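The values are calculated or read from the model by the stated rules, or taken from the named source; none is laboratory data. No experiment lies behind these values; they were computed from the predicted model shown. Reconstructed Cβ throughout: ideal geometry from the backbone, glycine too, with neighbour counts over all protein chains shown.
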């Protein structure tokens, strides 16, 4: 059975192995079993790599590896689990303001809405920062097939069981689960993970 992987070093683009690619328009992209995806933000053929990283002297190393333990917010029916390090500011949680607050004033109130409403929002979190515990089970798997989804002017959303392999042990920063986000603007301090820098540096692609 094929095993989907994202493989990289400090000096390479993302090498996608046996992982389907979905473009910004939502359509599947015909790609070879192994293809190179841009992570410096400069390629003229995004999301594909064109070698621009060499010309711009892109720095691949991670500046921030200070990952704290996930936070648990216990309610009477559901426990919200928040891995702050993985949060990239997608903002989907703000759709349930009574529970999650706003970007400027976040909060975590698991009793402010029904468990079903909270679960629906958690499933919209692309980075894996949010998960939940229900009936004693920690639920972190939401996707039935591996793929990489390209967000317009944003990161790569990796979904399904796709192993991340690199020379900075980035897989140790990702909890057990089946989704995470990868930086493709080149600005993240948590490379190769997205930290929301694309919203501040004007990334387009």
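Among the residues of segment 119-166, those identified as within 19 Å of residue 5 (Cβ to Cβ) and over 14 Å from the mean Cα position of the chain (by Cα) are 144, 145, 165, 166.
Consider segment 1-17 and keep the residues that are without any contact (Cβ under 8 Å) to a residue 60 or more places away in the chain and either touching a helix residue (DSSP H, G or I) at 6+ places or on another chain (Cβ under 8 Å) or surrounded by 15 or more Cβ atoms within 10 Å (Cβ to Cβ) (or both). The one that is farthest from residue 150 (Cα to Cα) is 12. Only one entry of 104, 124 meets the criterion of being in a loop (DSSP other than H, G, I, E, B), modelled with pLDDT under 95 and farther than 21 Å from residue 37 by Cα, and that entry is 104. Here segment 41-61 is the region considered, the condition is being farther than 20 Å from residue 202 by Cβ and in contact with a strand residue (DSSP E or B) (Cβ under 8 Å, 6 or more places away or on another chain), and the residue that is surrounded by the fewest Cβ atoms within 10 Å (Cβ to Cβ) is 48.
Please find, among 117, 95, the residue that is surrounded by fewer than 16 Cβ atoms within 10 Å (Cβ to Cβ), without any contact (Cβ under 8 Å) to a residue 24 or more places away in the chain and either in a loop (DSSP other than H, G, I, E, B) or outside the structural domain of residue 151 (by TED's automatic domain parsing) (or both).
Going through 117, 95 in turn, the sole match is 117.
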